[in-house]
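Below is one structure, written out as C-alpha cells; the observations come after it.
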Amino acid sequence: MISRIEKDHRRFREIVRGRIRKNLRRYVSRGDMISRKGKETVSIPMPQIDIPRFVHGDNKGQGVGQGEGDPGDPVGEGEGDSGQGQAGEGEGDKAVEVEVSLDELAQIMGEELELPRIEPRGSQSLETTKDRYVGLRTTGPESLRHFKATFKRALRRQVAMGTYDPDKPIIIPVREDRRYRSWKSEPRPQSNAVIIYMMDVSGSMGDEQKEIVRIESFWIDTWLRSQYKGLESRYIIHDATARQVEREVFFSTRESGGTMISSAYRKCAEIIEREFNPDNWNIYAFHFSDGDNWSVDDTGACIRLLRETLIPTCNQFGYGQVESPYGSGQFIKDLRSALPDDDKLITSEIKTKDDIMDSIREFLKGGR
Amino acid sequence: MGPLPRHLAELQAEIEGYAKDYGLDLFTTVYEMVDYRQMCEIAAYEGFPVRYPHWRFGMEFDRMMKSQTYGLSKIYELVINTDPCYAYLLEGNSLVDQKLVISHVCGHCDFFKHNRFYSHTDRRMIDGMANHATRVRRHMDRQGVDAVEQFIDTCHSLDNLIDPWLPFRKPQPVRREPSIEMPINIGRLSAKRETESSERSYLDDYINPPEFIEQQRQRAEQEREQRRRIPPQPERDLLGFLLLHAPLEPWEADVLGIIREEAYYFLPQRQTKIMNEGWATYWHSKLMTTRALRDDELIDYAEAASGVTAMAPNQLNPYKIGVELYRNIEERWNKGKFGKQWDECDDRQARDEWDLHLNLGQSKIFEVRRLYNDVTFIDEFFTLEFCRQNRFFTFAENRRSGRYEIESREFRKIKDTLLQQLTNFGQPFIYVVEANYLNRGELLLAHRHEGVDLRLGYARDTLRNLERIWRRPVSILTVIDDKPKRIRYDGAEIAISDEPEAWKLT
C-alpha cells in the first residue's frame, strides 16, 4: 500500500508539473533557468505555490535579535533554522524552489509543445558493448585479483584447517584462495546524435540576439538530450570566417566583422565528414543569424552547400533568424525561395524572446 | 513505527518520575519509535498520523525530506496536544538525545495540560483528525478530487481569519430573538408614591427629561438597526461567519467547518510558541542536569542542548528567549525582585545585591505557565534589565547596502518590535464589517491598520478566493502607503479605489 504522504507528495509534484507547464512560456523566455542548471536538475522558483492569505507586507525587514555589536553593525544572513525545528511553522517568505530533473523538464516541454518522439535512424546496427564487473571467479589475470575476497578465502581455509592463530594472525593465501574479478559484456543499443550549433557573431548580432540564441539552444539541447543518450554537440561561430569553439566561447564571443555564412556551412560539412558518419549518427544542425549575409554570391554558395551536402546528411537543418536592428533579414527569404519544399530544412523567425517557444516548436515538431 | 524498546520505556518511567518530583503534571504520554522518513511524514502532518489528503502536506514533506537529507535540519522531537499525549522518538538517536527529548516532551506535556489557552482544545484530536480525513475523502469520492482540493486551497487562504478569543466567549445565539420587532418602549420614572393618589405631573419633566428620553429612544433604535445588520458588530471569525452566511453546498460547508476546527485547534500553539518551547527547554535542562544525566553523557548533552538554544543573530529563537525569561522570573521571585519597593529602587548597587530570600521562584513560574500567553508573557516579564543582560537589539534592512544592520539597543523600541511581531501572531487584524454592503449582498471586510500594510499581491489573490466562496463581490478596507483604500473584487477584476477615511473599529 502506498502511504498517505506518498499520495500527497505525488499530488504536490503533479501540481508543480502543471505549474511549470502553464508558465513554460515565461520560463522559456527568461534566461535565468539556464544559470540555475545543476548537473541533472534545474531548480525553478515557484511563487504561486504559496497559499495567499491576508498577511503583513514589507515589515519583515526588521526584527529583534540578540548578541554583540553596535548600531550600524551588520547582522548575519541567518536564514538557517534554529537547530531544532518544530513542525508546521514552515512559512517562509521566499518563493518555493522546486527541483526538477532535466529529463522531466524536457518531458513537460514535449507535452506542452506537443512534440513527437524522435525516431532514430540507422541506429539499430550500431551497438556498443559495455563491460561491467559483476562477480568473482577463481582464475584470471593478476591485475584483476580481488584482494579482500582472496584474504577472506584464505582466512576461512586457515580457520577450517586449524592453522589460524588469533595471537599471531598471519594469513597466507595460496593458489586456490585467489579470487579474481569477472565481468560481463552487455550489448547496449545506442542511438547517437550530434547537434551542431552555428551562430553568426558578426557586428550586427547584439547581446539581446545572442541571449535569444542561448536560450533557444538550451531548450533544443534539453529536448534532444532527453531523446538520445550520449548526445554530442559542436559549436561553430562565424563572421567572415568560421571556427569551431567550446560551448562557453560560443555564447560569449562578440566579433565584429562581415558575414559570410557559407564559411560556417563549410565548416559544418567538414566536421560531419570528419567525425560523424551520417549512416550511424543522427545529425542536427542549427544556424542562428540575423539574416544579413555579405553578398549574393555567398548566399548562393550557402544554398549549394545545403542542397548538396548538409541537407542530405542531416536529420534536420534548422535556420533561426533573430531580428536585429542592423540586419536586413534577407537570408531567410533567399533560403525559402531557393529551397521551398524541402521538409528537412526548417526556417523560423524569432523577433523577441516571446517567440522562442514557437520557434522551438517549429524546429522540433517534425520528430525527425 | 514501533512501540518503545524496554530500555527506553524504563528511561521514560525514570524521567517522568523526576518530572513529577518537581511538580510537573503530565498527561499519560505514549512514545513511538519512528525512522526519519516517518518522522518527516508525521511532521508534515503537523504531528498527526492521519490528515485529510492535500498537496500542502506533500510539499512540507518534500521540504523536510530535503533538508533532512542534506543535513540542514533534523527533527528531534514531535509531540501533540492530546490526551493521552503522543510523542515520537527518532530511531537511531543516541541515548543522550532520547533522554533529552523525553525530558523536553515532559515540559510540553505539562504545558498542554495546564496552560489556560489550551483549555478549550479537543484532547481527542487524533480521532478528530482521522474523522476529518474520512469525511474529506468521502467528499472527494463524490465530488471529484480536483473540486474538493480546489475548495480546500480556497479555505486555506482564509484560515488565518479566526478570532483567538472566540473559545473564551459565551457562544452567541445563532438565531435572532423574535422580540426584536416589539415596539420601543423607554421606561419612565413615575413621580407617584404608592400611597398617594394624586399625580404630581409637574415633576415629570424633571425626572424624565424629554431630551434624555429622546436620546434613549434614538439609542434603542440605533441598537435595533445595528442588530438587524449582519454581523451586528465587526467580527473576526470570518470562517465561522462564512459557515453561517455564505451560500455553500453541504459538502463545502463540511470542508470549511473542518478547516476552521483545525485552525482553532492549532491556535493556542501559535499563541504560546515562546512560552511552550521555553518551558520545555527549561525542564529538559533542569531534569537532565540535576537528575537524569550520567557523568559520561555530559559533553554530548551539552552539545545537543546548546544546539537547541543557539541563536542566529537576526532570528529570534523561541527556545532561547523562552527559557531565559523563565530563569529570569525564577531568579527575580526567589530574590524578591518585584513589587513596589523594587520598582521604585533606582540605586544600581542595591538592585544588583537585592535578595529577600523569598524563594517564590518555582511557584511563580508554574503560575506563569498556567496564565500567560506569548504576548502577555513578553509584555509583563521582558524588563529593561533582562533586555540588557541578554544583549537584545533591533535590526533593520539598510536600504542602501541591502544588508541587515543593528538598528537600536533602545529598550522601548526592542520591546515594541517584539510585541508587534507577536500580537495576533504577526497576522493582520481583519474584520467582517458587513454582509450586505451597498445593499447589494456584497461582503465588506476591514483591515485594522497598525502601521504595516497588507501584502498587496497576496491580498488580491485572497480576495479572489473569498469571492469564490461568497459568490458576490467582496471588498476590503485598508491603508496603502498611508492612504485609505478599498480593494474590491467583483468576480472579474480587482479595483483599488480611494476611501474618504481610514476604517476604525468602533
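Brief remarks follow.
- Any hit, segment A:251-262, residues being part of a helix (DSSP H, G or I), in contact (Cβ under 8 Å) with a residue 40 or more places away in the chain and over 30 Å from A:Thr41 (Cβ atoms): yes
Conditions tested, residue by residue: (1) within 22 Å of the chain's Cα centre (by Cα); (2) more than 8 Å from chain A (Cβ to nearest Cβ); (3) of a type in the set (D, E, K, R).
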residue	(1), (2), (3)
B:Phe48	yes, yes, no
B:Pro53	no, no, no
B:Ile80	yes, yes, no
B:Pro84	no, yes, no
B:Tyr88	no, yes, no
B:Asn93	no, yes, no
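- Number of the exception - B:Glu434 against (1) within 14 Å of chain A (Cβ to nearest Cβ); (2) buried (at least 16 other Cβ atoms within 10 Å of the Cβ): (1)
- Criterion: surrounded by 11 or more Cβ atoms within 10 Å (Cβ to Cβ) and either part of a loop (DSSP other than H, G, I, E, B) or not basic (Lys, Arg) (or both) - qualifying residue of A:Thr139, A:Thr163: A:Thr163
- Of all residues making up segment B:480-506, the number that are surrounded by fewer than 21 Cβ atoms within 10 Å (Cβ to Cβ) and either of a type in the set (S, T, N, Q) or within 11 Å of chain A (Cβ to nearest Cβ) (or both): 4
- The residue of segment B:372-414 that is farthest from the chain's Cα centre (by Cα), among those that are part of a helix (DSSP H, G or I) and aliphatic (A, V, I, L, M), is B:Leu384.
- Condition check for B:Asn317: facing another protein chain (nearest Cβ under 8 Å) and under 28 Å from B:Lys74 (Cα atoms): yes
- Subset of segment B:391-420 that is more than 7 Å from chain A (Cβ to nearest Cβ) and among the polar types (S, T, N, Q) - its residue that is surrounded by the fewest Cβ atoms within 10 Å (Cβ to Cβ): B:Ser401
- No other residue among B:Glu16, B:Glu46 is at positive phi, out of contact with any Lys or Arg (no Cβ under 7 Å at 6 or more places or on another chain), surrounded by fewer than 23 Cβ atoms within 10 Å (Cβ to Cβ) and touching a residue at least 60 places away in the same chain (Cβ under 8 Å) apart from B:Glu46.
- Selection within segment B:338-371 - on the phi > 0 side of the Ramachandran plot and assigned to a helix (DSSP H, G or I): B:Gly339
- Filter result for A:Ile356 (farther than 19 Å from A:Leu231 by Cβ, assigned to a helix (DSSP H, G or I) and not assigned by TED's automatic domain parsing to the domain that holds A:Gln107): yes
- Any hit, segment B:355-368, residues being surrounded by fewer than 14 Cβ atoms within 10 Å (Cβ to Cβ), within 14 Å of chain A (Cβ to nearest Cβ) and of a type outside the set (Val, Ile, Thr): no
- All of (1) surrounded by fewer than 18 Cβ atoms within 10 Å (Cβ to Cβ); (2) away from chain A (no Cβ under 11 Å); (3) more than 21 Å from B:Tyr264 (Cα to Cα) hold for B:Lys99 with one exception: (1).
- Number of the condition not met by A:Lys39 [criteria: (1) more than 9 Å from chain B (Cβ to nearest Cβ); (2) at pLDDT 70 or above; (3) not in a helix (DSSP H, G or I)]: (2)
- Of the residues in segment A:73-86, not one is more than 29 Å from B:Glu410 (Cβ to Cβ), surrounded by fewer than 13 Cβ atoms within 10 Å (Cβ to Cβ) and at pLDDT below 70.
- Considering segment A:223-247, the residues that are crowded, with 19+ Cβ neighbours inside 10 Å and not hydrophobic (A, V, I, L, M, F, W, C) include one that is nearest to the chain's Cα centre (by Cα), namely A:Ser226.
- Taking segment B:446-477 as the range and being in contact with a Pro (Cβ under 9 Å, 6 or more places away or on another chain), within 13 Å of another protein chain (Cβ to nearest Cβ) and touching a residue at least 40 places away in the same chain (Cβ under 8 Å) as the test, the residues that pass are B:Ala446, B:His447, B:Arg448, B:His449, B:Asp461, B:Thr462, B:Asn465, B:Leu477.
- Candidate set from segment B:260-280 (those that are crowded, with 21+ Cβ neighbours inside 10 Å and hydrophobic (A, V, I, L, M, F, W, C)); member that is farthest from B:Asp25 (Cα to Cα): B:Leu267
- Near pairs, Cβ below 8 angstrom, 6+ apart or cross-chain, from segment B:87-100 (at positive phi) to any residue that is of a type in the set (Ser, Thr, Tyr): B:Gly92/B:Tyr36
- Residue match in segment A:249-266 (condition: in the same structural domain as A:Val213 (by TED's automatic domain parsing), surrounded by fewer than 14 Cβ atoms within 10 Å (Cβ to Cβ) and more than 18 Å from A:Met205 (Cβ to Cβ)): no
- First in segment A:48-59 and surrounded by 17 or more Cβ atoms within 10 Å (Cβ to Cβ) and modelled with pLDDT of 70 or more, second anywhere and among the polar types (S, T, N, Q) and not in a loop (DSSP other than H, G, I, E, B), Cβ under 6 Å, 6 or more apart: A:Pro52/B:Thr462; A:Arg53/B:Thr462; A:Phe54/B:Thr462
The values are calculated or read from the model by the stated rules, or taken from the named source; none is laboratory data. The shown structure was predicted, so the numbers you read here are calculated from the model rather than taken from an experiment. So basically every Cβ, Gly included, is an ideal-geometry build from the backbone, and we count neighbours across all protein chains shown.
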